[in-house]
Amino acid sequence: MNRPFRYRLGALATVVIVAGAALLIADKLRAPADAPAGGTAAYTEFANSANHVKASLARTGQDEVVTLHIGSGWHVNANPASLGNLIPSAVFIEHDGKERSVQADYPAGMSSGIKIGATDIRVYEDGTRIPVHQLKIDAGERLVVRVQACNDQGICLAPATISVSEDQI
């Protein structure tokens, strides 16, 4: 064998070994040991905003109040959101995939301590109360809150639509 052929063969072998190792590592990262046979496990416990935020409804005379119950170390964006690319928290009525707005008095939110440019990012924390007025929910409809949970380290999850419970959580 001549020298250039051996170098090419050695380089090809190196590429095959490195690629194989990368595939094995990627497979180990993607599927945990308890993954079902023939499939991969879905990582939903951390990545779902609904795992960190709940909501309840309390009736106060003619009006109602939606209270956000947010896990320790997490918050949601205020309404209106501080920037156009942030998902604001919103209360609405849902039926068969269609949304109907409700009359809500969204609080201003608290400073998150994060500034993007000159904009202070405003958020809701655990216990935030959102008054709603003239709430009329027909048969088959449900009151929901759309939120995007972010943790104190700046990791934001995909938004989730959460059913509002009439029981205090």
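Brief remarks follow.
- The residue that is surrounded by the most Cβ atoms within 10 Å (Cβ to Cβ), among those in segment 126-143 that are within 19 Å of A50 (Cβ to Cβ) and touching a residue at least 60 places away in the same chain (Cβ under 8 Å), is I130.
- Set side by side, the residues V65, V123, V76 differ, and just one is of a type in the set (A, V, I, L, M, F, W, C), farther than 26 Å from A47 by Cα and in a strand (DSSP E or B), which is V65.
- Here segment 79-108 is the region considered, the condition is being in a strand (DSSP E or B) and in contact (Cβ under 8 Å) with a residue 60 or more places away in the chain, and the residue that is farthest from the chain's Cα centre (by Cα) is E94.
- Condition check for C156: free of Cβ contacts under 8 Å to residues at least 24 places away in the same chain and touching a Cys at 6+ places or on another chain (Cβ under 6 Å): yes
- Residue, most open to solvent (accessible area, probe 1.4 Å), within segment 100-125, restricted to residues that are touching a His at 6+ places or on another chain (Cβ under 8 Å) and not aliphatic (A, V, I, L, M): Q103
The values are calculated or read from the model by the stated rules, or taken from the named source; none is laboratory data. The structure presented is a predicted model; accordingly, all values stated were derived computationally and were not measured. Ideal geometry is used to build each Cβ from the backbone, glycine not excepted, and the neighbour counts take in all protein chains shown. The protein model used for the area step is the full one, side chains on, heavy atoms only, and it has no ligands, DNA or RNA in it. Shrake-Rupley method; radii C 1.70, N 1.55, O 1.52, S 1.80 Å.
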